[in-house]
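Participant: Quick one: structure below, then a few questions.
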Amino acid sequence: MYAELSPRAADIVTLARSFIEAGGYNSFSYADISARVQISKASIHYHFPTKADLVREVVARYRAEARDGLAMLERQLADPVAQLNAYAGYWTECIEKGTSSFCICAMLAAELPAIPANVAVEVQGHFEELTAWLASTLERGAANKQFRLHSSPLIEAKVFMASVHGAMLAARGFGDPHTFESLVRVSIQRLTEGA
């Protein structure tokens, strides 16, 4: 779990997350946050001495939320196919309702060569955790004859994760949130057909 933030620091983290989701690490500055939260840049530096510290905090919290969400899926749904559909359904709902249009770690992964090391470590950690969960889900489903894997569970997990992130990008590129669901459904069908 992570430490509780003051209300002002929480506002800064929330706003930074929305900036990252929209355009990545380099899409905002402390001046942008200052103007929106209506506090001085010095006050932002008090809470987060550097932009890297702020973005690392945003990603660490995002990772914790993702871990909690995946654990909840495990508790609520025993069926691997239902878990995969629920994971895809979460993103479908976020994208279609406009509550979240892009995984911030996917957005930041595109910038890995240029972002600070402490942020890159958090981003890569998210990819590793999500891949491990997906691989475990696919492996259980394959053992139950629910999934037909064409490669190892680890490779299939990476393929599925790439398809989810690619579908997010396509939905954004086409300006059509429904694109996401249609593409991800094909990825799930690919795993379940012939099982």
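Read the figures in this text as sums done on the coordinates, not as results from a lab. Everything quoted here is computed from the prediction, not taken from an experiment. Counting neighbours? That spans all protein chains shown, and the Cβs are built from the backbone with ideal geometry, glycine included.
Participant: Mind giving me the nanometre distance, one decimal, between the label points for Arg185 and Ser152, set 7 Å out from Cα along Cα→Cβ?
Facilitator: 3.3 nm
Participant: Can you work out the FRET efficiency for the pair Phe174 and Asn144, with r the C-beta to C-beta distance and R0 = 25 Å, to the nearest 0.05?
Facilitator: Values: r = 35 Å, r/R0 = 1.41.
It comes to 0.10.
Participant: Roughly how far apart, in whole Å, are the Cα centres of region 4-29 and region 31-72?
Facilitator: 5 Å
Participant: Could you pull out every one of the lysines with an alpha carbon less than 17 Å from that of Lys41, ignoring same-chain neighbours closer than 8 positions?
Facilitator: Cα-Cα hits under 17 Å: Lys51.
Participant: Going by average Cβ density within 10 Å per residue, which order do the peptides 100-106, 90-96 take, highest to lowest? Could the numbers behind the result be given before it?
Facilitator: Working: 100-106: 20.1, 90-96: 17.3.
Taking the mean over residues of other Cβ atoms within 10 Å, the ranking is 100-106, 90-96.
Participant: Another one. With θ taken as phi - 60° and the coefficients 6.51, -1.76 and 1.60, list the Karplus ³J(HN,Hα) couplings across region 142-155 in order, rounded to whole Hz; mark glycine and proline as x.
Facilitator: Couplings: 5, 5, 8, 6, 9, 10, 10, 8, 9, 8, 5, x, 5, 5 Hz.
Participant: So for the pair Glu74, Ala117, with labels modelled 7 Å out along Cα→Cβ, what separation do we get in nm?
Facilitator: 3.1 nm
Participant: Using a 10 Å cut-off around each Cβ, can you sort Phe127, Phe174 from fewest to most neighbouring Cβ atoms? Walk me through the intermediate numbers first.
Facilitator: Working: Phe127 16, Phe174 11.
With the sparsest Cβ surroundings first, the list reads Phe174, Phe127.
Participant: Just to check I understand the Karplus step: with θ = phi - 60° and J = 6.51 cos²θ - 1.76 cosθ + 1.60, what whole-Hz values come out for region 181-189, glycine and proline as x?
Facilitator: Values, residue by residue: 4, 5, 6, 5, 4, 4, 5, 5, 4 Hz.
Participant: Using 1/(1 + (r/R0)^6) with R0 = 25 angstrom and r between the beta carbons of Ala82 and Glu193, what's the FRET efficiency to the nearest 0.05?
Facilitator: Working: r = 17 Å, r/R0 = 0.68.
Efficiency, from the Cβ-Cβ distance: 0.90.
Participant: In Å and from the alpha-carbon atoms only, list the Rg and Dmax of region 59-192.
Facilitator: Cα-based Rg and Dmax for region 59-192 come out at 14.6, 43 Å.
Participant: What list of ³J(HN,Hα) values in whole Hz, one per residue of region 24-40 in order, does the Karplus curve 6.51 cos²θ - 1.76 cosθ + 1.60 (θ = phi - 60°) give from phi, with Gly and Pro shown as x?
Facilitator: Result, ordered by residue: x, 4, 8, 8, 8, 10, 5, 5, 4, 5, 4, 5, 7, 8, 6, 9, 6 Hz.
Participant: Gaussian network model of the chain, Cα springs within a sub-10 Å range: biggest mean-square fluctuation belongs to which of Ala109, Ala31, Ala82?
Facilitator: Sorting by GNM fluctuation, first place goes to Ala31.
Participant: GNM, the chain, Cα, under 10 Å: largest mean-square fluctuation among Ala142, Ala110, Ala132?
Facilitator: Of Ala142, Ala110, Ala132, the Gaussian network model singles out Ala110 as fluctuating most.
Participant: Given the options Tyr25, Tyr87, Tyr46, which has the most mean-square fluctuation in a GNM of the chain, springs set between C-alpha atoms less than 10 angstrom apart?
Facilitator: Tyr46
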